[in-house]
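A short worksheet on the structure shown next.
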Amino acid sequence: MPDPRPDTPSRAPGAPSAGARPRSQTRVRVLGIVNVTPDSFWDGGRHASVEDAIAHGLLLAEQGADWLDVGGESTRPGSAPVSEEEERARVLPVIEGLAKRCEVPLSIDTRRASVAEAALARGAGIVNAVAGLRDPALASVCAAHGATLILNHMRGEPATMQRAPVYGDVVREVRDELLAEAACAERAGVARGRIWLDPGLGFGKHSLDHNLPLLARLEELVATGYPVLVGASRKSFLGRLTGAPVEARLPGSLAAATAAVLAGARGVRAHDVAETRQAVDVAAAIRAARAVGPA
Ligand code: HH2
């Protein structure tokens, strides 16, 4: 029986459970990152075995992740693509293992419809389309499974995307390109309420000229009416702003997550779930108090 709340993916409950807490509809979703890769820019190689990745996912669930995002291909600037066979071998056993051992909805972070389909068949309920609908079959796969679809904005390919990306008004262009993809997804049968938009910080964006306006004017993406997710966690523009190396970017990541929530983001993608949970819960409470007005 599909979950009637459109932005809450449903999944048959597994047992025993981890992280099975009541979720309010207004709660800001924290998407905990489980990278099963040797080369991701922050956690590459830290939990590259199936068992380590499952243990990490269970830990993030205990720390308050609402969704777990399993990925088998790094999309950091300059990265080379992995074969479909390799990607499947990395992510599918982790999805299967997490589906059996926790109730937190699972997301597959992929560019490929074939990988998304296999993950949905093994218990995932969300497709994090990291390259948008570059593979157009992603939309029909989501529609067929009743899955939630996160459309991430990416200009170019990871190998080359940071070579002088050019925009006129970056915020308007990102919004319009995402809206065009959302319309495609709806035509393919994905329910409007199951589509999320993500400005894709760091994906074909110049460090400060593009990423900062996307965060500063996030309200323009929120105003589309689609729920918005933001992934700033430990990204290099935070290093450019602060001089901090990747291992020291947690405070900057929390500041960016807080700013995103105050601007209306409904979700954030994070490596550091416990800390991010606390930051976004505080930001969400402040945002809600604004709506209530003077006591
Ligand atoms: N960022 C990364 C990967 N997937 N998906 C969405 N929706 N939004 C993002 O901002 C986003 C994403 C990159 O981060 P990470 O997975 O930690 O690194 P890598 O690509 O090196 O594995």
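Of note:
- Of all residues in region 188-196, at least one satisfies being at pLDDT 95 or above and part of a strand (DSSP E or B).
- Residues that are crowded, with 21+ Cβ neighbours inside 10 Å and among the acidic types (Asp, Glu), drawn from region 175-222: Glu181, Asp198
- Residues in region 167-174 include at least one that is away from the ligand (no atom under 13 Å from the Cβ), surrounded by 16 or more Cβ atoms within 10 Å (Cβ to Cβ) and at pLDDT 95 or above.
Listed here are the residues, each with its yes/no results for (1) in contact (Cβ under 8 Å) with a residue 60 or more places away in the chain; (2) out of contact with any strand residue (DSSP E or B) (no Cβ under 6 Å at 6 or more places or on another chain).
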| position | (1), (2) |
| --- | --- |
| Ala191 | yes, yes |
| Gly204 | no, yes |
| Ser207 | no, yes |
| Glu220 | no, yes |
| Tyr226 | no, no |
| Thr258 | no, yes |
| Ala263 | no, yes |
| Gly267 | yes, no |
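- Against the conditions (1) farther than 17 Å from Gly32 by Cα; (2) modelled with pLDDT of 95 or more; (3) within 16 Å of the ligand (Cβ to nearest atom), Ser79 satisfies every one except (2).
- Out of Leu151, Leu120, sole residue that is of a type in the set (A, V, I, L, M), without any contact (Cβ under 8 Å) to a residue 60 or more places away in the chain and within 14 Å of the ligand (Cβ to nearest atom): Leu151
- Among the residues of region 84-117, those that are among the hydrophobic types (A, V, I, L, M, F, W, C), open to solvent by 10 Å² or more (accessible area, probe 1.4 Å) and within 19 Å of the chain's Cα centre (by Cα) comprise Leu92, Ala99.
The values are calculated or read from the model by the stated rules, or taken from the named source; none is laboratory data. These figures come from a predicted structure and were not determined experimentally. So basically every Cβ, Gly included, is an ideal-geometry build from the backbone, and we count neighbours across all protein chains shown. Areas reflect the complete protein model, heavy atoms only, side chains present, ligands, DNA and RNA absent. Shrake-Rupley method; radii C 1.70, N 1.55, O 1.52, S 1.80 Å.
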